[in-house]
Amino acid sequence: MKGTVYLNDKTGIVVIGATGREASQVIKESETLYPGIIKAGITPGKGGSSELPVPVFDTLKEAVKDPKVGKLLNTALIYVPPVSVLDAVMECLDNGIKVLYIITEHVPIRDSEVIYQEKVRRGAIIVGGTSLGCFVPSVGRIGAIGGKDPTVAFRDGGIVVISKSGGLTVTTAEMFKRRGWGTYMALAIGGDIISNTTYADVLQEIKGDSRVKGVAMLGEPGGSYEEQVADLIMSGGFDKPVAAFISGRFQERMPEGVAFGHAGAIVERGMGKATDKIARLEAAGKKYPVKVAFYYHDLVKAIESLGVPRDFEDSTTEHVKPLYSTF
Amino acid sequence: MKLYEHEALGSIFKKYKIPVPRYVFSAEMNDAVRQFVDKEPGVVIKSMVLVGKRGKAGAVKVVSDKSQVEKVFSDLATREVYGERSIGALVEEKLDIEKEFYLSVTYSTKDRAPAIIFSEHGGMDVEEIDPKLIHTYVVSDVRSVYPYQIRQFLAGIGFSDKELLRPLSEVIVNVYNAFWGSESRLLEINPLVVARSGDKRKIVAADAVVILDDDASVNPAVVYGARSAQGRPLTQREQDAILIDQGDHRGKAGSYVELDGDIAMMTFGGGGSTVTAETAIEAGLRIANLTDIGGNPPAEKMYRISRIILSKPGLKGVLVCGGTASNTRIDVTLGEGLAKALDDMNAEGKLDKNLVWVVRRSGPEYVKGLKMLHECFVRNGIRGEIYDSQLPITEAPIRLKELLIKHIAYKPEEVV
């Protein structure tokens, strides 16, 4: 198998909520860049529609029974409104789809909890909510990650980027690419409080994959998923180099409860602060190959100092000139 | 969104049969309060604020001498508690308290499940309770929560008051059901008291803290009215911003918080926004407002939030900053939405030409979008620099600082 459990050369995608504004744009773009990876779309009431470059069905059940595409479907990309996400997840799980991405933001926490417990019971892999998708340069992509021209940010290499923030997943891959490291996989896990796939879940999945040379993780205040990485590493559960950046130290100077960024990034009741996470990861770094970057752009130095080999040449220029200046 | 105690009692505790003291809430002294006080031998009066630790601030008072009620009420109903103005006062029956417990339900990210947190040693701040005396029951199957499970949990932690096992387990399940049914993020009762009533004992919630999920299936801001998480009333611009996303889930542009500074932050993406704001603060820029725009909002949302961001008085600079967007169209957000806001504000004479701008953005249609924004800068006489992702994201605020110092002699904050 080429790729990871999240995205590989056997991945066949069905998009739930396919004819919506965002989803239809993603499907069209994906068909241009990686033709054939998306096999079908679902929108109740739009079955048989020819507005998309893939067949559209009213229900997922019809799609999985379709003689042409049915057997190829194993991964769902969910683009429905927040209150419909739970329904979409159950439709996928009940129709045998085992890898799901929830792209929708603002899923009610209670629904996220029901989804997580169902996922555990059924042994499925669910990424999100608020995921941007997954990118494996040697295989292709799921979702909008990387936009119209993913070659700007992504080139095949040995770094795994894991981030709650979708935007920073791409921005980080691009920063590394400019400095000579390519991406093996970039996964935007989303910043929801109840996260179906955490950093530690990903590390456990990829720990035996020889193509992984190093991990760049982007963390945020709130919850304990970053701390769980430190615990996993300290218990011997992952031994490859990990460079981490935890944003949000400045929030600690703001009143408690100020919501900023993702739903999970709310610092409440003195738990899950950026400084707590940094301290735990730094403690792991005393014995294991873990480095916390003080500034975001120091992630590159951290990966370098952990001895992760470059995949290609550093292409940075000394001084960046503006595209336009009106001074 | 956090609820006031009287809101939690009236709308949630009552519905889920959580026993509470007799109470009345009022913004000012009136006949309802007087009649209530007349029937009670003694009362507890509490300032109604969202901020915690009211007791320590002297905003909770026991009044047994009825001649003092009017005076205490009018003080507590209007006073400021840690800078937050009280919206009224809650008057409750004075309980004959035998014991105080701590009880809360919240999501544990360690277990990725709701957790019921209980201690026999309540009444003080939860941070002050010895962690060894705090016990957690994780709800690993939300489909079925029964009192017997709670009794097994209580027996397991050595809960000694056998007479209370059944009633306490039933109250705890009601509290859990209230948490789950109302779509809370946190439901906390501290103290949950055992009170004597004649020769009987009863369990009563003597406090109520409820934080609802802002993303709940029913939007709490619609039910209870929008409020600031900062414990202060929302500014007009913050209220206007909330309206942007209501009834339209295409992208998000209405997350807007005001601070005291002079640099407007038009930032994109949860992570990108946080990283940019963080670096701006480290660089000594004083932030005037924070935004977190994402999910490819349509041009009209960008137009509205742009006008709100730029209408804050006293601005000196503007940072438009985001990473390499995957989905958000740069031509739509910056080339159309922001540019139209600038055109209109200039036509209305509301655009400050002394502002210094730095734009750093990449993503779908960025070449076109940044060019459109540059043309807008030129036709409106706006001074700034526009970058794509060649400039590392965290260097954009540093570049803005350099330009502010050079062009308007900006004095950055000294950062330790």
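At 7 Å along the Cα-to-beta-carbon direction for both B:Tyr148 and A:Ala283, put a label point, then send me their distance in nm to one decimal.
Rounded to a tenth, the inter-label distance reads 4.0 nm.
Hey, can you list the DSSP H helices of chain B whose Cα span along the axis is 20 Å or longer and whose average Kyte-Doolittle score is at least 0.5? Could the numbers behind the result be given before it?
Working: long enough: B:165-181 (23 Å, 0.55); B:366-380 (21 Å, -0.07).
Answer set is B:165-181.
Give the cross-link partners of B:Lys162 among the lysines, using a straight C-alpha distance below 16 Å as the criterion and excluding same-chain residues fewer than 8 apart.
Correct list for B:Lys162: B:Lys99, B:Lys200, B:Lys202.
Between B:Arg379 and B:Lys162, what is the label-to-label distance in nm when each label sits 7 Å out along the Cα-to-Cβ direction?
Inter-label distance under the simple model: 8.5 nm.
Just rank B:Thr267, B:Thr136, A:Thr19, fewest to most, by other beta-carbon atoms within 10 angstrom.
Numbers: B:Thr267 30, B:Thr136 15, A:Thr19 19.
Lowest count first: B:Thr136, A:Thr19, B:Thr267.
Per-residue ellipticity at 222 nm for chain B, helices alone: DSSP H runs ≥ 4 residues times -39500 (n - 2.57), over residue total, nearest 500 deg cm²/dmol? Could you put the intermediate results ahead of the total?
Working: 11 runs with 123 residues, N = 416.
It lands at -9000 deg cm²/dmol.
With the cut-off at 18 Å, tell me which of the pairs A:Lys119/A:Lys213; A:Lys177/A:Lys301; A:Lys148/B:Lys368; A:Lys10/A:Lys164 have Cα atoms farther apart than that.
On the way: A:Lys119/A:Lys213 29 Å; A:Lys177/A:Lys301 13 Å; A:Lys148/B:Lys368 13 Å; A:Lys10/A:Lys164 26 Å.
Where the Cα-Cα span goes over 18 Å, the pairs concerned are A:Lys119/A:Lys213; A:Lys10/A:Lys164.
For B:Ser217 and A:Thr59, what is the calculated FRET efficiency with R₀ set at 30 Å and r taken between the beta-carbons, to the nearest 0.05?
Details: r = 23 Å, r/R0 = 0.77.
The calculated FRET efficiency here is 0.85.
Helix-only mean residue ellipticity at 222 nm, chain A, DSSP H runs n ≥ 4 weighted -39,500 (n - 2.57), per residue, nearest 500. What is it? Before the final figure, lay out the partial values.
Values: 9 runs with 94 residues, N = 327.
-8500 deg cm²/dmol, from helical runs alone.
May I ask you to give the average projected area over all directions of the convex hull of the Cα atoms of the stretch A:51-145, in nm² rounded to one decimal? Don't jump to the answer; show the numbers that get you there.
Details: hull surface 26.8 nm².
Approximately 6.7 nm², given one-decimal rounding.
In Å, what is the Rg of the alpha-carbon atoms in the protein assembly as shown, and how long is Dmax?
27.1, 84
Once you average over the residues of A:144-152, how many Cβ atoms of partner chains fall within 10 Å of each Cβ?
Numbers: counts 7, 2, 6, 12, 7, 5, 2, 0, 6.
What the average comes to for A:144-152 is 5.
Would you mind telling me which residue in A:Gly237, A:Gly214, A:Gly133 has the biggest mean-square fluctuation in a Gaussian network model of chain A, where springs connect alpha carbons within a distance under 10 angstrom?
Evaluated over chain A, the most mobile residue of the options is A:Gly237.
How do A:His106, B:His249 line up, fewest other C-beta atoms within 10 Å first?
Details: A:His106 22, B:His249 14.
Listed from fewest to most nearby Cβ atoms, that is B:His249, A:His106.
Modelled label-to-label distance, B:Val367 and A:Arg122, 7 Å Cα→beta-carbon offset: nm?
Here the modelled spin labels are 4.3 nm apart.
Would you tell me the mean number of C-beta atoms belonging to other protein chains that fall within 10 Å of each C-beta in B:263-271, as a whole number? Don't skip to the end; give the middle numbers.
Details: counts 0, 0, 0, 0, 2, 1, 10, 17, 21.
Average per residue, whole number: 6.
Summing Lys, Arg as +1 and Asp, Glu as -1, what charge do residues with Cβ under 13 Å from the Cβ of B:Thr276 carry, B:Thr276 excluded? Each step should come with its number before you reach the end.
Working: positive: B:Arg360, B:Arg361, B:Arg399, B:Lys401; negative: B:Glu278, B:Glu282, B:Asp292, B:Glu395.
Neighbour charge sum, excluding B:Thr276 itself: 0.
Which percent, nearest 5, of DSSP beta bridges in chain A are antiparallel? Before the final figure, lay out the partial values.
Working: 9 of 45 bridges.
Bridges in chain A are about 20 percent antiparallel.
Ranked highest first by the average count of other Cβ atoms within 10 Å around their residues, in what order do A:272-279, A:27-34, A:306-313 fall? It would help to have the intermediate numbers written out before the result.
Working: A:272-279: 19.5, A:27-34: 17.5, A:306-313: 14.5.
For the peptides A:272-279, A:27-34, A:306-313, the packing ranking is A:272-279, A:27-34, A:306-313.
Taking B:Lys353 as the anchor, which aspartates and glutamates have their alpha carbon closer than 13 Å to its alpha carbon, excluding any fewer than eight residues away along the same chain?
The reachable aspartates and glutamates, counting only those whose Cα sits under 13 Å from B:Lys353, are B:Asp343.
Out of all DSSP beta bridges with both ends in the stretch B:234-408, state the antiparallel percent to the nearest 5. Provide the component values of the computation, followed by the final result.
Details: 4 of 23 bridges.
Antiparallel bridges: around 15 percent, rounded to the nearest 5.
Using only the alpha-carbon atoms, how far is helix A:274-285 inclined from the longest principal axis of chain A? Give it as 0 to 90 degrees, nearest 10.
Between helix and principal axis, roughly 70 degrees.
Roughly how many Å is it from the Cα centre of the stretch B:246-288 to that of the stretch B:179-214, as a whole number?
If you average the Cα positions of each part, the centres end up 36 Å apart.
List the residues of the stretch A:12-43 whose backbone N lies under 20 Å from a point placed 7 Å from the Cα of A:Phe312 along the Cα-to-Cβ direction.
Residues passing the 20 Å test: A:33-34.
Which peptide among B:385-393, B:117-125 comes first, and what is the full order, when sorted by highest mean count of other Cβ atoms within 10 Å? Display every interim value, and only then the final one.
On the way: B:385-393: 22.6, B:117-125: 18.6.
Taking the mean over residues of other Cβ atoms within 10 Å, the ranking is B:385-393, B:117-125.
Would you mind pulling out the separation of the Cα centroids of the stretch A:160-236 and the stretch A:1-20, in Å?
19 Å
Looking only at the protein assembly as shown, where both bridge partners belong to it, what percent of the DSSP beta bridges are antiparallel (to the nearest 5)? Intermediate values should be presented prior to the final figure.
Values: 61 of 116 bridges.
If I count the DSSP bridges inside the protein assembly as shown, around 55 percent turn out antiparallel.
Could you tell me, in Å, what Rg and Dmax come out for the Cα atoms of the stretch A:153-312?
14.6, 45
What ranking do B:157-169, B:234-246, B:4-16 get when scored by the average of other Cβ atoms within 10 Å per residue, highest first?
Details: B:157-169: 14.5, B:234-246: 17.0, B:4-16: 19.2.
Highest mean packing first, the order is B:4-16, B:234-246, B:157-169.
Given a Förster radius of 41 Å and the C-beta distance between A:Thr326 and A:Lys28 as r, what FRET efficiency does 1/(1 + (r/R0)^6) yield to the nearest 0.05?
Values: r = 35 Å, r/R0 = 0.86.
For R0 = 41 Å, the calculated efficiency reads 0.70.
Determine the shielding of peptide B:392-398 by partner chains: average, over its residues, the number of Cβ atoms on other chains within 10 angstrom of each Cβ.
On the way: counts 10, 8, 7, 3, 0, 0, 0.
Mean partner shielding for this stretch: 4.
Which aspartates and glutamates does A:Lys71 reach when only Cα atoms under 19 Å apart count, and residues fewer than 8 places away in its own chain are ignored?
Of all the aspartates and glutamates, those that pass the test against A:Lys71 - Cα under 19 Å, at least 8 places apart if same chain - are A:Asp9, A:Asp58, A:Glu62, A:Glu91, A:Asp94.
Working from Cα positions, state the angle (0 to 90°, nearest 10) between the long axis of helix A:166-179 and the longest principal axis of chain A.
60 degrees
A short reminder: the numbers here are calculations on the coordinates, not readings from a lab. Remember, predicted model here, so these are calculated numbers, not experimental data. Methodologically, a virtual Cβ is constructed for each residue, glycine included, from the backbone with ideal geometry; neighbour enumeration extends over all protein chains shown.
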